[in-house]
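Structure first, commentary second.
The values are calculated or read from the model by the stated rules, or taken from the named source; none is laboratory data. What you see is a predicted model; the values in this text were computed from it and never measured. Cβ: placed from backbone, ideal geometry, glycine included. Neighbour counts: every protein chain shown.
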Amino acid sequence: MKSYPKAILSALALLSLAMMPLQPALSHCQVPCGIYDDQMRFDMVSEHIATIEKSMNSILALEQETPVNYNQIVRWVNNRDYHADQIADVVSYYFLAQRIKPADKKNAVALLDYKNKLMILHEMLVYAMKAKQTTDLANVEKLRSLWKEFHELYFGPEHEH
């Protein structure tokens with residue numbers, strides 16, 4: 001068996017690491033750090049929803065131009081899809097995985113609150129996906145109304161931002 005110098009082996013190891021695909025950062029670390037800023041997440045998702053809406057409006061406007069600027073349409077589609085994915089990440093990794101705790105099945109009130117939060121967040125995931133599939137602004141309005149409904153359920157109706 002042929003022996004290779006350590007420098008060549010090290011270079012090959014570094015090269016193979018450099019060629020590995022990078023994983024995107026998630027919304028929160030999933031380490032039980034206790035550092036949460038719920039209102040910031042609500043503000044972030046609201047901004048993502050507004051960005052999706054602007055992207056859709058831009059796509060619709062660009063489709064009417066002659067000649068059609070396909071390059072800009074692609075950029076707005078990518079932007080819309082990115083922000084829809086960001087909503088899905090916050091909903092999944094922040095709220096569902098960390099902030100919404102399973103309810104005691106013997107406590108009917110807590111169980112109903114838990115189920116309502118899960119239903120709204122699941123519906124948010126569905127409408128974030130639908131926002132990626134079309135330029136139907138009704139999907140944006142549904143996202144916005146679900147997010148407002150979840151905000152009131154999460155913080156209570158008396159909480160104002």
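The test for being surrounded by fewer than 15 Cβ atoms within 10 Å (Cβ to Cβ) and either among the small types (Gly, Ala, Ser) or under 26 Å from Ile35 (Cβ atoms) (or both) does not hold for Glu141. Cβ-Cβ contacts under 8 Å between residues 6 or more apart (or on different chains), taken from a first residue in region 137-161 that is closer than 13 Å to Asn116 by Cβ to a second residue that is β-branched (Val, Ile, Thr) and at pLDDT 95 or above, are listed as Leu146/Ile120; Glu149/Ile120; Phe150/Ile120; Leu153/Ile120. Scanning region 134-151 for residues that are part of a helix (DSSP H, G or I) and more than 17 Å from the chain's Cα centre (by Cα), we see that the one that is nearest to Val45 (Cα to Cα) is Glu149. Considering region 90-133, the residues that are assigned to a helix (DSSP H, G or I) and acidic (Asp, Glu) include one that is nearest to the chain's Cα centre (by Cα), namely Glu123. Based on this model, can you work out whether Asp85 counts as of a type in the set (D, E, K, R), modelled with pLDDT of 95 or more and closer than 21 Å to His122 by Cα? In short, yes.
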